[in-house]
Amino acid sequence: MKPRLFLIMTAALASTAGAQKVTLDFWAHWGSEQRRPTINKIIDTWNKAHPDIQVKYTFVPFDQIQTKTLASVAAKNPPDVVVIDIRTSRIRASKNQNTDLSKLGADKVKEQFYANLWTTGTYKGDQYALPFVTESRFLYYNKDAFKEAGLNPGKGPATWDDLMAYAKKLDKKSGPIYQRIGFYPLYGNFGFEGWVQNAGEDTWDDSRDNPNVNSATAVRTLNWIKEWNDRYGSRTLTSFKASFGSGTQDPFISGKLGMIAEAGTYAATLAKYAPGMNYGMVRMPTPTGQTGAMTSWGGGFNVELPAGGQHPKEAYAFAKWFVTEGARIWAKEQNDFPAYKSASLGITSPAFRMMSANMKNTFVSVSPQYAPTYGTYIDKAVDEVLNRDVDAKKALDDAQTQIKRVIEENRR
Amino acid sequence: MSAPPVRPRRRGLGIRQREALWGFVFVAPWLVGFLAFTVGPMLFSLYASFTNYDITSRADWVGLRNYQTLVGEDPRFWKSLGNTAYYTVFSVPLGIAVGLLIASLLNQDVPGQRVFRTVFFLPKILTGVAVLLLWLWVFNPEVGLVNNGLRAVGVPENSLPLWFQDPAWSKPALVIMSMWSAAGGFLFYLAALRGVPKDLYESAQLDGANSWRQFLTITIPMISPVIFFKVITGLTAALQYWEGALVVSEGGKGGPVDSTLFYGLYMWETAFTEFRMGKASAMAWVLLVITLVITAVQLQLSKRWVYYEGETK
Amino acid sequence: MSLSRPTPTVKPSGLPVGSTATSRALLLLWRVLALALLVGISLLILYPALWMLSTALKSDAQVFTYPPVWIPSPPQWHNFVDAWYGAPFTRYTINTTLYALVVTAATVLANSFVAYGFAKLRFPGRDVMFAVMLASMMIPGMVTMIPQYILFSKLGWVGTYLPLVVPSFFASAFFTFMLRQYFLTVPNELSEAARVDGASELWIWWRVVMPLATPALATVAIFTFDGTWNSYVGPLLYLNDEKLYTLQVGLQFFRNGSQTQWQHLMAASLLVMLPVVAIFFAFQKYFVEGASLSGSVKG
């Protein structure tokens, strides 16, 4: 058979089968030598198995991917699939920036993902995003420091009172200078809002349209943090923080902090920079020791189909594969915790097992659509209370009023 | 210089008309580019400022509401305007002074010109994220260059500024950073200084004027058009400035406590985090008006101090 | 206060006036002082650059050691090699060089052309147009970014270099303003003389004004080259193919959201800036020569 005739015949066959070849544009922020091989492997695996749906991966820097995607959606010329911040999927849904995946059959796979992550992409009952990876925060403590301070290294703190009591024992001073600070709630990676939620009350209602930043729980939490703050002193805490390095000079590794709240992936950092370190990893302590749905929190990434893409069906097929089978490869090689349950259970490292057990206690706080920048008002309140002796109730009332004003302004 | 080709004058056109015609020919590239690429988006943003435009789902007419909200209800608008005013007032004059100082020094007959010029241009070349980490170290309260210097001159430990961690010191830190970056601006002045006729100085020296007097009566007037250019463009840039906030605060949110919430940063947040492009456009036009008013004032003032050797009125 | 130039009288040759011993000593003192100041400022400016070099030579674990060390031991010279291969930098260097050269050439030509019109020619509407031009510089780019993107998308230019390069052929407010100011300091005698001889404005622009303005044009060229070389948001917004990316976008390969490989980023940043430093160093004479209007024209 002559080559040309052969080509015509295969083309004819392909078109009768409806399998016209499409190329999907896929954007994500993974470009480093650590991430690149894995993403290339995932894309290659897909492309080999799907000659008619080829995926072209493009690295887009993290700080610009949202803006670039937005511009392309506005110009009606978007990529087919993007990896994007998990907290803002719902806002994009409310602004018609991404594609309704329920129409493409997404609801069928709902049960395969952790519920707290799945709902980040649900807007008005429809699904607009598929969750890819997340993390959860834990309390890490230095067992050697525990021994030195006369604490039981086999038992981490379970309550806020434990935290305070242990920290007092762990503090180490020479003269007025701290050599080691046992614990400070705003160091590490947990934040004021994290603690309020940890205490059992969200800073927003379920619809995330009404703020609740001045609840009694929030006031109590802020006063609790102020107690810590006053113990060490604002200036001491700030200059102490300025001395934190990273890598081997990470404050927890170098012994500057006895305990720290960090993401589950921090275990990998410890393994890398302090392989011999004797540490414990426990659930975040709560006021009472009881755990709830918001004991810890996490962020992460979703996969979305920007609105106006040319090949939604093919894009959805790829996206669904990417967050399931792709996530399996990703989790194995990159140590990120996948939203796809089966992929997460396939990895049996202790940190992963703790993470999957902790998912039911991990809250993923979705950005409120009418006040995505509300955090600045909370930061201001926290600063006023800690550094300017403003009453906690008053500062949080002010924040609540301001956030309500912003919502009202944005709803118009 | 070879002799200019002689061309017969076109009949029917006076000198004035010919000149005007040439004028249009010369500005035509800008005019075409402006009409093709700039005027449309500019007018669109003006229109958007009267709507609730969110880029992707709506653009309904809301009249003056965006402007009213900004001026009447939004404390962060005023906060950001105040921060930007602070930054502008300090960074623009200091930046010009630094550039002029370096240019004047380089205009002296000192050895190593080529090396010095290259070094002073470095701040312009060094940009991007790498510089970000740099400044975090420089202003580190414990081990940073600045505080080490202050310690060396005897500032007690407890009065050392915490810079990026302290709302009272975050803006001064950014002004210092801006002076570093402004060093590269010396090139503008140097180019102008080189054009100042030497004989002016020589005759002034004959008249017994000292160096400082020469600087004030010859150098400054002769390069005043370029200084004026730096005043206007410096003001424009400072009023739109916001990149520094990305250095100071984690995630670039304008912290600590909104002390680096610059107008440009607030506008960016409004446009791309809140998706309120209508309001952001209103902010942009408010800024445009502010900038134009300041420029008009400067233009009036400039008549007193800017000297154009080759003006065509 | 209206400033009039002091009228030059006699032009002495050689050393400045009053070659007495004291004034010589004063002059020498002044030069030493200037030199000392220059060295001092240079050190302040070099400090951060040296810090970058130091960081570039550190190991991953050393980058954030506290207190920081200045001299990494052992210096990790291979960071430069690793960084270079951490992203397709060879390709990006070619892309960026072509991009920067085209934009620089276009900017120098277009801006000086337009600036000549604004500075040296009288025509109705000139000052209004000039004001509009300045205003176009004063509107923050972020609100015109999306409509401009949509415009270029409709033209089918997104994904190519066209949106980044074509506008530079049409003059920008910033450098037109700068060159206009500079041209206004160039005395009119020469151009008037040429005009009387029947020269066209085109000829005067190219043969009279441009040669006199070499330092200013060189300044525009180096600032444009440097700005284009380091531009990040524009290329990132309009280019959709990794093969077309520029050096500054390439530097982002070392960042993963919150994690950054600082030592590689610093090493690559230094490599990326080297060509600009080299060009600047090599073409210096243009910043200082050419302005030969002293003496010959004046006086």
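The values are calculated or read from the model by the stated rules, or taken from the named source; none is laboratory data. What you are looking at is a predicted structure, and each value in this text was computed from that prediction instead of being measured. Cβ sites come from the backbone with ideal geometry, for glycine too, and all protein chains shown count toward neighbours. With ligands, DNA and RNA removed, areas are computed over all heavy atoms of the protein, side chains included. Shrake-Rupley method; radii C 1.70, N 1.55, O 1.52, S 1.80 Å.
Counting only protein heavy atoms and using a 1.4 Å probe, the accessible area of A:K155 comes to about 110 Å².
A Cα-only calculation for the range C:124-216 places Rg and Dmax at 17.8, 50 Å.
Rounded to the nearest 500, the helix-only mean residue ellipticity at 222 nm of chain A stands at -12500 deg cm²/dmol, with each DSSP H run of n ≥ 4 adding -39,500 (n - 2.57).
Across all Cα atoms of the range B:54-106, the radius of gyration (one decimal) and Dmax (whole number) stand at 19.5, 57 Å. Beyond 29 Å, what share of the Cα-Cα pairs of chain C remains, rounded to the nearest whole percent? The proportion of pairs with Cα distances above 29 Å equals 55 percent. Could you give the angle, 0 to 90 degrees to the nearest 10, between helix A:375-388's Cα long axis and the longest principal axis of the Cα atoms of chain A? Computed tilt is about 10 degrees.
Take the eigenvalues of the Cα gyration tensor for the range B:1-140, scale each by 5, and report the square roots as semi-axes in whole Å, largest first.
For the range B:1-140, the ellipsoid semi-axes come out as 41, 38, 15 Å.
Computed over the Cα atoms, what is the radius of gyration of the range A:136-215 divided by 2.2 N^0.38 Å, N being its residue count? Its radius of gyration relative to the 2.2 N^0.38 Å reference: 1.38. For the residues B:D207, A:D85, B:D54, A:D100, a 1.4 Å probe over the protein chains yields an accessible-area ranking, largest first, of B:D207, A:D85, A:D100, B:D54.
Counting Cβ atoms of other protein chains within 10 Å of each residue's Cβ and taking the mean over peptide C:170-177 gives 5. Mean sequence separation of contacting Cα pairs (under 8 Å, at least six apart), scaled by the length of chain A, corresponds to a relative contact order of 25 percent.
Comparing A:G299, A:G346, A:G280, which has the greatest mean-square fluctuation in the GNM of chain A with Cα pairs linked when under 10 Å apart? Sorting by GNM fluctuation, first place goes to A:G346. Annotation: A:K21 carries an accessible surface of approximately 130 Å², with a 1.4 Å probe and no ligand, DNA or RNA atoms counted. Dividing the mean sequence gap of close Cα pairs (under 8 Å, 6+ apart) by how many residues chain B holds gives a relative contact order of 26 percent. Bridging of B:K79 to lysines at a Cα separation below 19 Å is possible for A:K380, A:K404, B:K171, B:K253, B:K279, once same-chain residues fewer than 8 apart are set aside.
When A:T265, C:T65, C:T96 are compared by accessible area of protein heavy atoms, the largest-first order is A:T265, C:T65, C:T96, using a 1.4 Å probe. Picking from C:L33, C:L251, C:L265, which is most flexible by a Gaussian network model of chain C using Cα springs under 10 Å? Largest GNM mean-square fluctuation: C:L33. Binning the alpha carbon pair distances of chain B at 10 angstrom intervals from zero yields the distribution 5, 18, 25, 25, 17, 8, 2, 0, 0, expressed in whole percent. The alpha-carbon atoms of the range A:257-399 define a convex hull whose volume equals 179 cubic angstrom per residue.
Accessible surface for C:Y47 stands near 50 Å², nearest 10, in the context of the full protein assembly shown (1.4 Å probe). Using 18 Å as the Cα-Cα cut-off, could you pick out the over-long pairs in A:K172/A:K241; A:K103/A:K320; A:K108/A:K360; A:K173/A:K241? Table pairs above 18 Å Cα-Cα are A:K108/A:K360.
For chain B, a Gaussian network of Cα nodes joined below 10 Å ranks B:L13, B:L134, B:L43 by mean-square fluctuation, and the top entry is B:L13. Per residue, the convex hull spanned by the Cα atoms of the range C:22-81 amounts to 104 cubic angstrom.
Equivalent ellipsoid of the range A:99-187: semi-axes from √(5λ) of the C-alpha gyration tensor, largest first, are 46, 14, 10 Å. Kirkwood hydrodynamic radius computed over chain A comes to 23.4 Å, based on all pairs of distinct alpha carbons. Antiparallel beta bridges, as assigned by DSSP with both residues in the protein assembly as shown, represent about 70 percent of the total such bridges. What the pair-distance distribution of the protein assembly as shown shows, using all Cα-Cα distances binned every 10 Å from zero, is 2, 10, 18, 22, 20, 14, 8, 5, 2, 0, 0 percent. Secondary-structure-derived ellipticity at 222 nm for chain C, considering helices only, amounts to -19500 deg cm²/dmol, per-run term -39500 (n - 2.57) for DSSP H runs with n ≥ 4.
In terms of overall dimensions, the C-alpha atoms belonging to the range B:155-313 reach 63, 50, 22 Å along their principal axes, ordered largest to smallest.
Accessible-area rank, largest first, for B:T219, C:T97: C:T97, B:T219, with all protein chains present and a 1.4 angstrom probe.
Give the relative contact order (percent, whole number) for the range A:22-87; include only Cα pairs under 8 Å separated by 6+ residues. Provide the component values of the computation, followed by the final result.
Numbers: 75 pairs, mean separation 32.4, N = 66.
Taking the mean separation of contacting Cα pairs over the length of the range A:22-87, I get 49 percent.
Beyond 18 Å between alpha-carbons counts as too far, so tell me which of B:K198/B:K230; A:K147/A:K226; A:K95/A:K124; A:K143/A:K169 fall in that bin.
Table pairs above 18 Å Cα-Cα are B:K198/B:K230; A:K147/A:K226.
Using the charge dipole of chain A (Lys, Arg: +1 at Cβ; Asp, Glu: -1 at Cβ; taken about the Cα centre), state which of A:T122, A:T23, A:V82 has its Cα farthest towards the positive end. Selected residue: A:T23. Just want the answer: with Cβ charges of +1 for Lys and Arg and -1 for Asp and Glu, which residue in A:T58, A:N47, A:N410 is farthest toward the dipole's positive end in chain A? Towards the positive end, the residue furthest out is A:N47. With respect to chain A, whose longest principal axis is taken over its alpha-carbon atoms, helix A:312-321 is tilted by about 50°.
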